Each structure stands twice: as structure tokens, then as C-alpha cells.
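Asks: I am attaching a structure below and will ask some questions about it afterwards.
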Protein chains: 4
Amino acid sequence: MPAVLGTSRLEAFSDGVIAIIITIMVLELDVPHATTLSALTPLVPVFASYILSFIYIGIYWSNHHHMLHVTPRVEGGVLWANLHLLFWLSLVPFVTAWMGENHFAAAPLATYGFVLLMAGIAYVILQQRIIAIQGEDSLLARAIGPDLKGKLSPILYIIAIPTAFVSRWISGAIYVIVALTWLVPDRRIERALAAQEL
Amino acid sequence: MPAVLGTSRLEAFSDGVIAIIITIMVLELDVPHATTLSALTPLVPVFASYILSFIYIGIYWSNHHHMLHVTPRVEGGVLWANLHLLFWLSLVPFVTAWMGENHFAAAPLATYGFVLLMAGIAYVILQQRIIAIQGEDSLLARAIGPDLKGKLSPILYIIAIPTAFVSRWISGAIYVIVALTWLVPDRRIERALAAQEL
Amino acid sequence: MPAVLGTSRLEAFSDGVIAIIITIMVLELDVPHATTLSALTPLVPVFASYILSFIYIGIYWSNHHHMLHVTPRVEGGVLWANLHLLFWLSLVPFVTAWMGENHFAAAPLATYGFVLLMAGIAYVILQQRIIAIQGEDSLLARAIGPDLKGKLSPILYIIAIPTAFVSRWISGAIYVIVALTWLVPDRRIERALAAQEL
Amino acid sequence: MPAVLGTSRLEAFSDGVIAIIITIMVLELDVPHATTLSALTPLVPVFASYILSFIYIGIYWSNHHHMLHVTPRVEGGVLWANLHLLFWLSLVPFVTAWMGENHFAAAPLATYGFVLLMAGIAYVILQQRIIAIQGEDSLLARAIGPDLKGKLSPILYIIAIPTAFVSRWISGAIYVIVALTWLVPDRRIERALAAQEL
């Protein structure tokens, strides 16, 4: 079983891609021609979708950071599981813009949820691959535990996607709620590390 | 109190985002169709706003660099305080373009100040969180000291924002002055380090 | 023979450029104005070309990662061989967009193959230069071996380029096949490393 | 004299900015609507200017890499000298596009030379600041030596700028010649390092 690469370059490349994803989203904020503060009003939904996606990308980066922090080494398959995750994240700016420019219309809202769902699945696959190398007894495996949050999020996305065609408010609220549950995602790994140091 | 992560990836990610922010601003410089030197004249205000924002982003990067240099370790909350700072900085290209393309009109000028104000507050929050981990006796806490400059800048921004609707020259001058006061920002940390080495 | 530089900065710079290349391709996905799911239909060929190029860039990054992992030091010539590779990769977003927006028309398809061919040649040159420094007995040289895959790919591209003007399906299929042969590219290096550890 | 920071973050940030500069230039290659190979013909001057600027940015990166490789530590002033260099380099995509889209017309060609001149001066300033910290006896100072090439380049730019209004071919040729003289820039530092190892 080849497991020979360090994680530094995987982290550096992921940091680069995630940094670009989080930053190019702001390019969708078209500069208004008018010079009154009210010229910013039409941008409010674009801005709201930017904030939501910024937080989601931030969550992925923070979790990725914590996970790789307790990952000593990787192999080729992990590189591709990671590229798979970055692929879905790279679509976030596109769906964010589509959603924001159309005031959270049903189809863009559902597509947004689909991309989040695929990114969530890609993250779980990456996590599984890393644990497969390290063993079920590793720090990461113990920190993740039964991973209730990781299992709940896809279910919520799957609920939110069709809901977008019924009520945009409920669908959007689910995306916000999932984000909120992840905003303090890393305590598990930090706690496991602290426990180990005792 | 979990405080387990090193700072290298926080620095790498911040470097990536700040590098992109400082570089994509130049995309706002629309290439003129004419081929005379005078075709550059309409770009002068866009260019002036680019220089000002380049210096501001440079100041943030330089200060961030110095602060993290004396920060041995961080935890999840610091990651989010840092993302919060990057969020406000990511809006700088947008307000820079709006301000530059409209010859420093009042509303864009005030909005520019608002983003600077929020970035300044985000920086102070980040600094506080890092000091909270390290303790009031740490090198960083001693280097920052009473932090007069950090307290004065928000006050100056708060003055500059409404002033934009009265006199654009005074408002713009305040932004330039704040930038100038920060251009040599790091002596405190460097001096504290030098003192420690004695 | 000067061979004095470490590889960390070469890797970091390449990571940066490759991360940007892989991410800016998504900017070609123009946000639809309509808000129905069918508004995404015209984007299917653009999206398909994005996936293909994402995989190709991912292959280059993964291989580059493995190759540099067993490269202890480089010199000026390697920096330029690497920049030469990055130059051809930087053209991938352009040909990807041309190909995708024109439903894989013949000329864009052939041009796409030409850029892949040149990138492939540039990669072989880079590999040769690194082996020249390390010697034919090095881990990398032994891992690469006769490098059948590296020699076959350019031949397949050279076949695919004129074929684009005859049958776009066959030409496109060749690009997909080459990508598939490289998707598990790194076992050679990982195996050589594993063998060494015994 | 405070000289306390390591160079790793300065290098990482510069790598990020330079990687973005070198990559966003390709965004100026507008995707043609036609699908014939002849649709690429109007892009030839844009492409030629892209190649020239890619090489120039590559030269700066390679030289920067070599210089920082023999620089053990920096201080605040060096950070700003480096930001000053990055500022002028960040204008290269703008002048490259202006020059390429206008078939190397006189004013864009002269402006291109002006930006190269300022970047060259900024590089010399950065070099001086680093040597000032390390001392005239340092490896870098000895490797640079009398720095004939560094002194000749600005003179050639100053000749090329007004020449653009007389003969675009001569002016452009000078830019190419300066680039060629720098394509093997690093032997000095590599030789100095090799000499030291004896």
C-alpha cells in the first residue's frame, strides 16, 4: 500500500484553489454606474449570496485545515479525492452568482444545493480515504467519531433541493442552518488533540 | 482551551487571498481602445484609487505578517477571526473600482471608508483573539502596547465617512493620512523582538 | 554544474499558477439570465470541456507533485523548463473555452490537442532536465523507467489533432483515453519509494 | 537595526502575486467566436505580447527566487521594497494587453517600456536594501558584483521608450534583447554558492 507523500503540497495547492474560489466570487459584484448609496440596493441579493458562500467556503477550508493537521501522510488516491472536492467547490462561484443575480429563484437555489451536496459528499469521501490509510484507531478516526453532522448535512441538502421549488424561504433557511451547524466544526479534532496531550 | 494549530497554513491561506485581492484590482484598469498617451488620462482616478488600495492591502499584509510572526499557535476561533478580516478586505477591489470609476464621488468614497473601517475593526478583533490565547504578558501584547494607532484609525474613518458628503478632498485626505501613519507599522513588533534578544 | 536551489519555492510557485489555471476556467461558465434548469442546457458542452481540462490539469499537478517529491534539488535550467511547462498549461483555459463554446468544433478541438501536445513535450523536457541533474541511477530515473506512457501520449495527440477535422468524436475520444491512462500516474514513483524503504 | 523576519512568507506572498500576474494575462486572449484556425490570426500580436511578458515575469520570478535564496532575513523596509516591485509588475498585464491589442502601437509600446523601467528600478532598490542588511561582504553582494546587467537594462529601456515613437521595430527589439540577456540570470548566484561550497 503506497502512502508516501507528505501533506504540505496538498495543503498548499488546496489553499491556493480555495483562496481563488473565495476571492473571485467578489468579481460578480458588478460595480454600479450610479454614485448614490441606493445604487447598492440591487446588489443586496448578490451580496447576501456572496456572504453565504464565503462562509461555506470558509467552513470547508477550516475543516480541511483541521483534518489535514492530523494527517501525517497521503497517497495518490487522496490527491484525487481532494481534487474531486476542489472541483465541486470550484462551481460554487458560478451557482452563487446565478442564485444572487436572480434573487434566489427556485432553479438556481436548487442547483446551489446540489453543488453543496456534491461538495459535502466529496468531503466525506476524502475523509474516508484518509482514515483508510491511517486506520480506524487513528486520531482522526476517533475525532470524527460517528460523524453525525457529516451524515446529517447531505440529508438536509436533499430536503432543501426540492423544497426550493415549493418555498424559497424554507430552502434558503436550510442552507443557512447547515452553515451555522458547521461554524464551530473543529472542536472534535482540537478536543481529540488536547486529550492526547494529557 | 484548545490552541493546537500551527500558523503556517493560516499564513499561507491569507497570503493567497491577499495576493489575489491586491492583483485583481488591476483588472479594473480597462485597456483603452485609443493608442495615444492621452487615452490614459481618463484612467487617472482609477489608477489613483488603485495605488491607495494597493498601499492599504500592503499595510494589512505587512502587519498581518508581523503579528503572525510572533504568534506560535492558533485555534479555530482565530481562523474565523482571520476569515472575517479577509472578508472585508475582499470587498476592497469592489469599492476601489466604484470610487475610481466615479472620480471619488461622495457615496463611493463613504462606502470605501466603511469597508476600511470594518477591516480595521476585524483586524483589532483578530489581534485580541490572538492575545487572548497568548496572554497579556506575551511578546505580541507588549509590542502592541496601548495601541494608539489601532484606536485612532477607526475614529478617523468614522470622521471621514460623513465628511465624504461635505468635502471629498478632506475625506480622501483622511484616508491618505491614515495610510501614511501605518506605512511604518511594524517597528513595534521588531523593536520588541530586538529587546527580547538582548 | 550548479545545482543549488531547493524545490520548495518551485513547487509553491507551480502550485499557485496551476491553482489559478484550474480555477479561472470556471469563469468561462457564463451565468445564465434565465432562471429555469433548462437554462443550463446550453452550458453542457462548456461544462464538459471544463471537466476534461480540470482532469488534465489535475493530472499535471499530481504528476508534478510526485516528480518533485523525489527531486532533492534544482538549478536555473529546471526553473525555466518548469516555466515552459506552465506557459503551455496557461493556454489550457483559452483553448478549453474556445472548444466548449463552439461545441467541440474541428479547429478548436485540434488546437486543444496542440496545446496538450506541447504541454506533454514540456513535461518530458522538465523530467529529462531533472534526471540529468540527478543521474540515470536516481530514484526518479528508475521510477520513470522506459516511460512508455510518456512516449505514447504525444503520439496519440499527434493522431488526434488531424483526426479532429475528420471525426470530432474519435478525436475527442482520444483526449479522454489519454486522460484516463494518466489518472493513476503515480504508482511508479510510489512503488519505487516503497521498494527503497524495504 | 531591526532585521528579524524570515523570508518564507515574503517568498510565498511574492510567489502568489507573481503567479496571478503571469496567469491573468492569458485572460486577455479573447476567445474567438469563429471556429476556423484563421480566427486565431488576429490574436497573433496579443499572443506575441503575452509571450514577451510571460518571459519577463518569469525572469523576475527566477531572479527573485535566486536573490531570496541567499537572503537569510529581512525587515519591514524590505517588505515594502518588495511590495513596490510587485506594484510595477502588477501593471504588466495592463500594458501587455494595451500593446498587444493595438499591434504594438507607439504609445502602448513606450508605456510598456516605462513599466519595465520602473520594475527594473524597483528590483535594484530591493536588492540594495537586502544587501544593506547583509553587508557588502555577503554572498549576495559578491554574487551581484558590479552588476553590469542591472545597470545596463534601465539605460536600454530609457533608449527604447522614445524610440517607440520613431521605430516600433527597434523599440520592440530592445525589449526582446534585454529579456534575452536576462534569460540566464542566475549563474552569478549559483556560481557564488558553488564557490563557497569548495
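Here is a yes/no grid of residues against (1) under 26 Å from A:Asn63 (Cα atoms); (2) facing chain D (nearest Cβ under 9 Å); (3) not hydrophobic (A, V, I, L, M, F, W, C):
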{"residue": "B:Glu28", "(1), (2), (3)": "no, no, yes"}
{"residue": "B:His33", "(1), (2), (3)": "no, yes, yes"}
{"residue": "B:Val70", "(1), (2), (3)": "yes, no, no"}
{"residue": "B:Val78", "(1), (2), (3)": "yes, no, no"}
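Asks: Another question about this same structure. Here are some conditions: (1) surrounded by fewer than 21 Cβ atoms within 10 Å (Cβ to Cβ); (2) within 11 Å of chain A (Cβ to nearest Cβ); (3) at pLDDT 95 or above. C:Ser38 meets all but one. Which one does it not meet?
Replies: Among (1) surrounded by fewer than 21 Cβ atoms within 10 Å (Cβ to Cβ); (2) within 11 Å of chain A (Cβ to nearest Cβ); (3) at pLDDT 95 or above, the lone unmet condition for C:Ser38 is (3).
Asks: For residues in segment A:143-156 being over 30 Å from A:Met99 (Cβ atoms) and buried (at least 16 other Cβ atoms within 10 Å of the Cβ), which is farthest from the other protein chains (Cβ to nearest Cβ)? First the steps, then the outcome.
Replies: We begin by selecting, within segment A:143-156, every residue over 30 Å from A:Met99 (Cβ atoms); these are A:143-146.
Add one more test, that the residue is buried (at least 16 other Cβ atoms within 10 Å of the Cβ), and what stays is A:143-144.
Working: A:Ala143: 11, A:Ile144: 16 Å.
Among those that are over 30 Å from A:Met99 (Cβ atoms) and buried (at least 16 other Cβ atoms within 10 Å of the Cβ), it is A:Ile144.
Asks: I would also like to ask the following. In segment A:86-109, what residues are crowded, with 22+ Cβ neighbours inside 10 Å and touching a residue at least 60 places away in the same chain (Cβ under 8 Å)?
Replies: Selection gives A:Leu86, A:Leu89, A:Ser90, A:Val92, A:Pro93, A:Thr96, A:Ala97, A:Gly100, A:Leu109.
Asks: Can you work out which of the residues in segment D:123-146 that are in contact (Cβ under 8 Å) with a residue 12 or more places away in the chain and of a type in the set (D, E, K, R) is nearest to D:Asn82 (Cα to Cα)?
Replies: Of everything passing the filter in segment D:123-146, D:Arg129 is nearest to D:Asn82 (Cα to Cα).
Asks: Do we find a residue being at pLDDT 80 or above, within 14 Å of another protein chain (Cβ to nearest Cβ), within 21 Å of the chain's Cα centre (by Cα) and under 18 Å from D:Ile55 (Cβ atoms) anywhere in segment D:119-142?
Replies: yes
Asks: To continue, here is another question. For C:Ser49, work out the one condition from (1) crowded, with 19+ Cβ neighbours inside 10 Å; (2) more than 7 Å from every other protein chain (Cβ to nearest Cβ); (3) of a type in the set (Gly, Ala, Ser); (4) under 30 Å from D:Ala195 (Cα atoms) it doesn't fulfil.
Replies: So the condition that C:Ser49 fails would be (4).
Asks: Also: So which residues in segment D:21-57 are β-branched (Val, Ile, Thr), more than 14 Å from the chain's Cα centre (by Cα) and assigned to a helix (DSSP H, G or I)? Working first, answer last.
Replies: Keep residues of segment D:21-57 that are β-branched (Val, Ile, Thr), which gives D:21-24, D:26, D:31, D:35-36, D:41, D:44, D:46, D:51, D:55, D:57.
From the residues that got through so far, the ones that are more than 14 Å from the chain's Cα centre (by Cα) too are D:23-24, D:26, D:31, D:35-36, D:41, D:44, D:46.
Correct list: D:Thr23, D:Ile24, D:Val26, D:Thr41, D:Val44, D:Val46.
The values are calculated or read from the model by the stated rules, or taken from the named source; none is laboratory data. Keep in mind that what you see is a predicted model, and the values were worked out from it rather than measured. Cβ: placed from backbone, ideal geometry, glycine included. Neighbour counts: every protein chain shown.
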